[in-house]
Amino acid sequence: MDKLSEKYLRARKIPSTACSGCGLGQAHKAFVQAIDELNFGIDDILWGTSIGCSGRQTFGTWKGDNFAGTHGRVYAIARGLRLAIAPEMKIVLTVGDGDAFGIGLNHLLHAARTNTQMTVLVCDNLGYQSTGGQYGWTTPPGVKTDSSPYGMYEPNWVQSGRDVLNIIQAAGATFLARHVSMEGRPLVDTLKKALQNNGFSLVHCVFPCITNFAKNALGSRNSVNMFNWVRNHAAPLGQEAGGREIFWRTGIYHDASNTRAEFSQSVKEKTAEIQREVSG
Amino acid sequence: MKRFLETGNFAVTEGAIMAGCRLFAGYPITPATEIAEAMSVELPKVGGYYVQAEDECAAMHIAVGAAAGGMKTMTATSGPGFILYADPYGWAIGCEIPIVVLNSQRVGPVSGITGAPGQGEFYNSRYPTQGGNYETIVLAPNSAQEAMELTVEAFYLSERFRTPVTVLADQLITDGLEDISVPETDEEKTAMGMRFVERKVNAGPDFYPPSDAIDIPPVVLGKGTGAMCSDWTPTEEGYDIETVEAHHKHSYRMIYKIRNNRDVITRYEELFLDDDPELIVVAYGTPSRTVKTAVKKAREKGVKVGMIRPVSLWPFPDEAFTRKAIYLTVELLYDGQMVREVQRATPCDSPVHFFGKCGELPTVTELHETFDKLLRGEPLGRIGWEREAW
Ligand code: SF4
């Protein structure tokens, strides 16, 4: 256990139950690093997760308060929690791509619309891996999975001029970014910015699943190959040219941090105003 | 005491606020929309929050989320929305989070008839989520006044048992205008039998003690206690675990905290049972009012008929059904649901019959004809349908 884990994570939960070599640990660690660099303590963060690899493997790892919600609904749970808990306590969520961009997208858009403070880290293993390896909403075109045996031929959420981050931006999110998990320092810096936004922040982070995705898409569970494959299909925004096929344009997409009222804050202010009116 | 001529929706709102509810999350649906509207008017006045959600699933998740954060919260819907509560209802049961859910039943299935009363969620309220391994608490008012009082009771029970509690009303209760007395002083509240309990915070480290005890404070997030709650089978400290032994402890608590403390929950109303009547009529909710009138009038004519009205539907008040008699259940649906529970609870040599109406109350005349047939030993047939032109 390294120093950071010792400080913030429950000994009983580390190492997590993720397959050995899974890239999820990189994303998880970057989040804890960002929290540490901002000097947050255990009691400053309420950590929520959902189901699937990303939720299950990160649930209960935080030494402070934790919850795991139903699939795709954690954004609604977080909106309720946000109204109940102290405004200075941050809600962070580690969820999967299926949770955020599939089953939970509508709830996520409404969390963005209301600009509810939560820092959502979408840990994207490119499909449904904990159920065995079915295609998801960011599975790259042509990729074989257990449910796309002829190659992924449905349009996805990140290709062909279509980007789910644009939809979330239009819905009202105040901070949006994308990274791949091996971009350690940029990912930490982005997460720090996300955490400093008192509103809805989402960071989409692609990480290598060496068990199901690597086996189906690349024909081998070799983790070096899988890590290189993800790295080779990513490029910082504006640097996509160069002959490589780029699936993930990385960096900060949208930063309107702290420009819109946060949901619970505006609800509370309005409530106080109504109370004053009726009692006055 | 304040008196109003108001709807059940208003009464429920008054009861909830009195019980300490400070967040309501809902999604518009007939005939429960007016509860949301009344909450949007009244809650901010007492410093509470009204949240309109993107759908019913989100509505209950928001309410459960706020409850997990330590607030007393509530949501209200009708059948088509209640089924969408299945997911968060399960989360609240599994994480043992207190919350109150009101279902104003209408004619189903699916959208059915929006503005007419039904009783189709009798079983759905017992099994509001998947997976089994739990018991539920459901209270059924038969008037606007009682809707207010049972809403208060639902908050009380949800805290003590740390579980969601459903108030199973119907369209006539929530939409109907009635005379409502709202208590103002503690004495008036006590005189009405109202019970109150505050939210307490479980400080851990054991958030889920393996016991059937009640009055164990629930997990509250955001208090820095290191609380953990999840949709997975928990250990005592809240960690997720995949062992049957741990699940046995978890289910034992969810089932037996309710079964072994039934006396705190169970309630029912009896009428004319002291002289061992030949016929006992069973009804809950609004139809019980017509049944009561019919039974009283039949008595005046010397017919030996009595009545049982379950107020707590789940746990079902089995103890009320020990007498040997002919039983008749009167329900607002054609398929008959409570009739099976009555069959189960009554002595095996007591025949149980069913009279169904849908979307409208039975008339006293219809009920008297039915009583007479049963007492003459004649078969009932499907009376509601026989009278249709087709
Ligand atoms: S299945 Fe894939 S994503 Fe899930 S834990 Fe294993 S390697 Fe990681």
For the range B:68-187, alpha-carbon Rg and Dmax in angstrom: 14.4, 44
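Which FRET efficiency value, to the nearest 0.05, is calculated for A:ASP146 and B:ARG259 with the Förster distance at 51 angstrom and r the Cβ-Cβ distance?
Details: r = 43 Å, r/R0 = 0.84.
Computed FRET efficiency for A:ASP146 and B:ARG259: 0.75.
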Volume per residue that the Cα convex hull of chain B spans, once the total is divided by residue count, Å³: 146 Å³
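Given the peptides B:106-119, B:285-298, A:265-278, B:201-214, arrange them by the average over their residues of other C-beta atoms within 10 Å, most packed first.
Working: B:106-119: 18.5, B:285-298: 21.3, A:265-278: 13.8, B:201-214: 16.1.
Sorting B:106-119, B:285-298, A:265-278, B:201-214 by mean packing, highest first, produces B:285-298, B:106-119, B:201-214, A:265-278.
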Cα pair distances exceeding 26 angstrom across the range A:157-280, given as percent: 38 percent
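Once a ≥ b ≥ c are taken as the square roots of the eigenvalues of the Cα gyration tensor of the range B:223-341, is the result rounded (a/c under 1.5), prolate (a/b larger than b/c) or oblate (a/b not larger than b/c)? List each step's numbers first, then the result.
Numbers: a/c = 3.30, a/b = 3.13, b/c = 1.05.
In terms of gyration-tensor shape, prolate.
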Prolate/oblate/rounded call for the protein assembly as shown, Cα gyration tensor, a/c under 1.5 rounded: prolate
Rounded, prolate or oblate (a/c below 1.5 giving rounded, otherwise prolate when a/b exceeds b/c) for the range B:1-142 by Cα gyration tensor: oblate
DSSP beta bridge pairing in chain A, given as percent antiparallel to the nearest 5: 20 percent
B/A buried area, accessible surface, summed, 1.4 Å probe, Å²: 3200 Å²
Degrees between helix B:33-42 axis and first principal axis of chain B (Cα, 0 to 90, nearest 10): 50 degrees
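Output needed for the range B:132-278: three equivalent-ellipsoid semi-axes, defined as square roots of 5 times the C-alpha gyration tensor eigenvalues, in descending order, whole Å. Provide the component values of the computation, followed by the final result.
On the way: eigenvalues 236, 80, 39 Å².
Those come to 34, 20, 14 Å.
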Span from the the range B:4-22 Cα centroid across to the the range B:122-189 one, whole angstrom: 11 Å
Simple label model, 7 Å out from Cα along Cβ direction - A:ALA256 to A:ALA272, nm: 2.5 nm
Cross-link reach list, aspartates and glutamates versus A:LYS29, counting only Cα pairs under 17 Å and skipping chain neighbours closer than eight places: A:ASP2, A:GLU6, A:GLU37, A:ASP124, A:GLU183, A:ASP189
Qualifying aspartates and glutamates (Cα of each under 20 Å from Cα of B:LYS200; at least 8 residues distant if same chain): A:ASP43, A:ASP65, B:GLU96, B:GLU153, B:GLU159, B:ASP212, B:ASP215, B:GLU236, B:GLU237
B:LEU273 versus B:GLN52: modelled label distance in nm, points set 7 Å from Cα along the beta carbon direction: 4.5 nm
Within the range B:27-54, backbone nitrogen closer than 12 Å to the virtual label 7 Å beyond the Cα of B:SER111 toward Cβ: B:30
Loop-resident sites, the range A:1-103, for GluC sites (Glu not before Pro), counting at most 15 other Cβ within 10 Å (DSSP): A:GLU88
Percent of C-alpha pairs per 10 Å bin, chain A, short to long: 7, 30, 36, 19, 5, 2, 0, 0
Per-residue mean of C-beta atoms belonging to partner chains within 10 Å, peptide B:52-62: 6
DSSP-loop GluC sites (Glu not before Pro) across the range B:185-256, with at most 10 other Cβ within 10 angstrom: B:GLU198, B:GLU242
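Can you tell me the convex hull volume per residue for the range B:301-346, based on C-alpha atoms, in Å³ to the nearest whole number?
Working: hull volume 4.7 nm³, N = 46.
Each residue corresponds to 102 Å³ of Cα convex hull volume.
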Tilt relative to chain B, helix B:56-68 - C-alpha long axis, 0 to 90 degrees, to 10: 50 degrees
Separation between Cα centres of the range A:117-185 and the range A:223-280, rounded to whole Å: 14 Å
Long-range amide H partners of A:LEU202 with built H, under 5 Å: A:VAL120, A:PHE175, A:LEU176, A:ALA177
The range A:4-150: radius of gyration and largest Cα-Cα distance (Dmax), Å: 15.5, 50
Convex hull of the range B:277-390 built on C-alpha atoms - directionally averaged projected area, nm²: 6.9 nm²
Angle between chain A longest axis and helix A:263-279 axis [Cα atoms, degrees, rounded to 10]: 20 degrees
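The values are calculated or read from the model by the stated rules, or taken from the named source; none is laboratory data. Computed from a prediction, not measured in an experiment: that's the story for all the values here. Glycine also receives a Cβ, built like all others from the backbone with ideal geometry; neighbour counts cover every protein chain displayed. Heads up: the accessible areas ignore ligands, DNA and RNA and are worked out on the full protein's heavy atoms, side chains in. Shrake-Rupley method; radii C 1.70, N 1.55, O 1.52, S 1.80 Å.
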